[in-house]
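K.L.:
Got a structure here, written out as structure tokens. Questions coming.
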Amino acid sequence: MKRLITYFLQGLLLVAPLFITGYIVYKIFVTADGLLSIYIQKYLKINIPGLGILIIFVALVLLGIAGETIFARPIKRLISRILDKLPFFKLIYSSISDLFSAIVGKERKFHNPVLVLIDKENSLWKIGFITQNKPINVDSEELVTVYCPYSYAISGEIFFVPASNIRQISMPPTEAMKFIISGGVSGKGVSLTK
């Protein structure tokens, strides 16, 4: 009986991640496609699964292209002026905007993964990303800004640590993020740069 349960759990370990991933992708697909499907069916009288996602994708690409032009600058200034009048909304908007630009924008901030010595006495290290190139001076000591994401979450902590407590690691940023988010079970592990 114990062997049967072991085989069942091994089968579950093989199938569960695939099923959960497929389910999440399916729900995202259905939700995104459903945003426009009512209007597509009403006005175009067609029902093609995925057409809503395609329209959203094309619209976002066109918005991205328009955002790179000179014509978008007055719109950005107008939005900035409106946000200045709504301080709480501005705080939320700017935080989300900065996060998105740090992850997928031109000025990606999570491109330099490092090991950070958090507790010297117990030799406690964390993986993080240097987010600011310019050090902060505190009591004549230069501190480096490091963001350390949490495992299984989209949040994290900012640490200001001396440069001597940082070790460069030879790991692509995406692998480092995957390693952190998965709690250290995904990826090839950490190795220091020579």
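The values are calculated or read from the model by the stated rules, or taken from the named source; none is laboratory data. Just so you know, these numbers come straight off a predicted model, no measurement behind them. With ideal geometry, Cβ positions are generated from the backbone for all residues, glycine too; neighbour counts draw on all protein chains shown.
K.L.:
From the list LEU117, LEU60, LEU99, pick out the single residue that is of a type in the set (A, V, I, L, M), assigned by TED's automatic domain parsing to the domain that holds ILE28 and at pLDDT 75 or above. Before you say what the answer is, go through the steps one by one.
P.N.:
Working: LEU117 fails: assigned by TED's automatic domain parsing to the domain that holds ILE28; LEU99 fails: at pLDDT 75 or above.
The conditions single out LEU60.
K.L.:
Can you tell me which residue among LYS90, LYS76, LYS45, LYS85 is out of contact with any Cys (no Cβ under 7 Å at 6 or more places or on another chain), surrounded by 11 or more Cβ atoms within 10 Å (Cβ to Cβ) and more than 30 Å from VAL185 (Cβ to Cβ)?
P.N.:
Numbers: LYS76 fails: surrounded by 11 or more Cβ atoms within 10 Å (Cβ to Cβ); LYS45 fails: surrounded by 11 or more Cβ atoms within 10 Å (Cβ to Cβ); LYS85 fails: surrounded by 11 or more Cβ atoms within 10 Å (Cβ to Cβ).
Exactly one residue qualifies, and that residue is LYS90.
K.L.:
Scan the strands (runs of 3 or more DSSP E) fully inside the stretch 122-184 and keep the ones with 1 or more residues being surrounded by 14 or more Cβ atoms within 10 Å (Cβ to Cβ). Show your work before the answer.
P.N.:
On the way: elements: 124-130, 136-138, 141-149, 156-162, 166-168.
Because the criterion is at least 1 residues that are surrounded by 14 or more Cβ atoms within 10 Å (Cβ to Cβ), the strands (runs of 3 or more DSSP E) in the stretch 122-184 that meet it are 124-130, 141-149, 156-162, 166-168.
K.L.:
Within the stretch 136-155, track down each residue that is touching a Pro at 6+ places or on another chain (Cβ under 9 Å) and either in contact (Cβ under 8 Å) with a residue 12 or more places away in the chain or not assigned by TED's automatic domain parsing to the domain that holds MET177 (or both).
P.N.:
Of the residues in the stretch 136-155, the ones touching a Pro at 6+ places or on another chain (Cβ under 9 Å) are 141-145, 155.
Hits for the stretch 136-155 are GLU141, GLU142, LEU143, VAL144, THR145.
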